[in-house]
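Have a look at the structure below before the remarks.
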Amino acid sequence: MEMPNRILDVVIVGGGTAGWMTAAALAKVLRGKCRITVVESDEIGIVGVGEATIPMIQLFNRLVGLDENEFLRETQGTFKLGIEFVNWGKLGDCYMHGFGRFGQDLWTVSFEHYWRKMYQLGKAGDLEEYSINRMAAKQNKFMRAATDMPGSPLGEITHAFHFDASLYAKYLRRHSEAAGVQRIEGLIVDVPVRESDGHIEAVVLQSGTRVPG
């Protein structure tokens, strides 16, 4: 028996990376239990900028079932090992936040405690020297983590991406539509709400089409 308050229609207002990431994720986890519709307008379009990400984007892409190599080709993307901040502490000063770990596990105390003690004694280098991501980036080198080398810094390389946001949205749209997501083109001119509780019950397009959800 169907639950009386079960959600049957999910409406996502707006496309772009945010809208199509939401659609792709819901299509994956709901597996056809709801009708998913994205309402977007070609008149508004997508902000065509470079998208700078952090490593969690890998988890999202795996969740929705994207192949990493195909994703990079479709978005004209490249790999990213960290984020550099120029003039961070003072003019002329640069700081690079390298993704991933610093140092290796050392018995019962975490690495940073050993490093701080030895650094104060003048026996350890700058902290960045113990980040494989930072050192690789400074030498313009990259490889995916070597998963067959546990305990090695090569097995702990962590990467993100830099890609074209508009191409990513188009790629996710194709992926989402293949998973059953419907796209409706149009400008929203009204948002009716229920008198009983004030919740949104639909969006109305300039064409007069009513999209309930």
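The values are calculated or read from the model by the stated rules, or taken from the named source; none is laboratory data. The shown structure was predicted, so the numbers you read here are calculated from the model rather than taken from an experiment. For neighbour counting, all protein chains shown are included, and Cβ atoms are generated from backbone atoms with ideal geometry for every residue, glycine included. Surface areas here come from the heavy atoms of the whole protein model, side chains and all, with no ligands, DNA or RNA. Shrake-Rupley method; radii C 1.70, N 1.55, O 1.52, S 1.80 Å.
What to note about this one:
- Criterion: over 16 Å from the mean Cα position of the chain (by Cα), among the basic types (Lys, Arg) and loosely packed, with under 12 Cβ neighbours inside 10 Å - qualifying residue of Arg6, Arg35: Arg6
- Search result, residues across region 185-194 that are open to solvent by 70 Å² or more (accessible area, probe 1.4 Å), free of Cβ contacts under 8 Å to residues at least 60 places away in the same chain and under 16 Å from Val39 (Cα atoms): Val189, Asp190
- Once region 135-164 is narrowed to residues that are closer than 19 Å to Asp105 by Cβ and touching a residue at least 40 places away in the same chain (Cβ under 8 Å), the residue that is nearest to the chain's Cα centre (by Cα) is Thr158.
So that you can scan it fast, the table gives a plain yes or no per residue for (1) loosely packed, with under 14 Cβ neighbours inside 10 Å; (2) over 16 Å from the mean Cα position of the chain (by Cα); (3) of a type in the set (A, V, I, L, M, F, W, C):
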site: Asn61; (1), (2), (3): no, no, no
site: Gly65; (1), (2), (3): yes, no, no
site: Thr75; (1), (2), (3): no, no, no
site: Leu81; (1), (2), (3): no, no, yes
site: Cys94; (1), (2), (3): yes, yes, yes
site: His97; (1), (2), (3): no, yes, no
site: Gly100; (1), (2), (3): no, yes, no
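Yes or no, residue by residue, for (1) of a type in the set (Asp, Glu); (2) out of contact with any helix residue (DSSP H, G or I) (no Cβ under 8 Å at 6 or more places or on another chain); (3) exposed (fewer than 13 other Cβ atoms within 10 Å of the Cβ):
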position	(1), (2), (3)
Phe142	no, no, no
Ala145	no, no, no
Arg183	no, no, no
Ser196	no, yes, yes
Ala202	no, yes, no
Gly213	no, yes, no
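- Residue in region 176-194 that is within 21 Å of Gly16 (Cβ to Cβ) and either in contact with a Pro (Cβ under 9 Å, 6 or more places away or on another chain) or polar (S, T, N, Q) (or both) present: yes
- For region 118-133, the set of residues classified as without any contact (Cβ under 8 Å) to a residue 12 or more places away in the chain, within 28 Å of Met149 (Cβ to Cβ) and open to solvent by 70 Å² or more (accessible area, probe 1.4 Å) consists of Met118, Tyr119, Lys123, Asp126, Glu129, listed by residue number.
- Restricting Ser207, Ser166 to residues that are out of contact with any strand residue (DSSP E or B) (no Cβ under 7 Å at 6 or more places or on another chain), under 23 Å from Leu26 (Cα atoms) and not hydrophobic (A, V, I, L, M, F, W, C) narrows the list to Ser166.
- Residues satisfying the stated conditions in region 102-117, i.e. part of a helix (DSSP H, G or I) and open to solvent by 60 Å² or more (accessible area, probe 1.4 Å): Glu112, His113, Tyr114, Arg116, Lys117
- From the options Val11, Val29, residue that is surrounded by fewer than 15 Cβ atoms within 10 Å (Cβ to Cβ) and either over 14 Å from the mean Cα position of the chain (by Cα) or not in a helix (DSSP H, G or I) (or both): Val29
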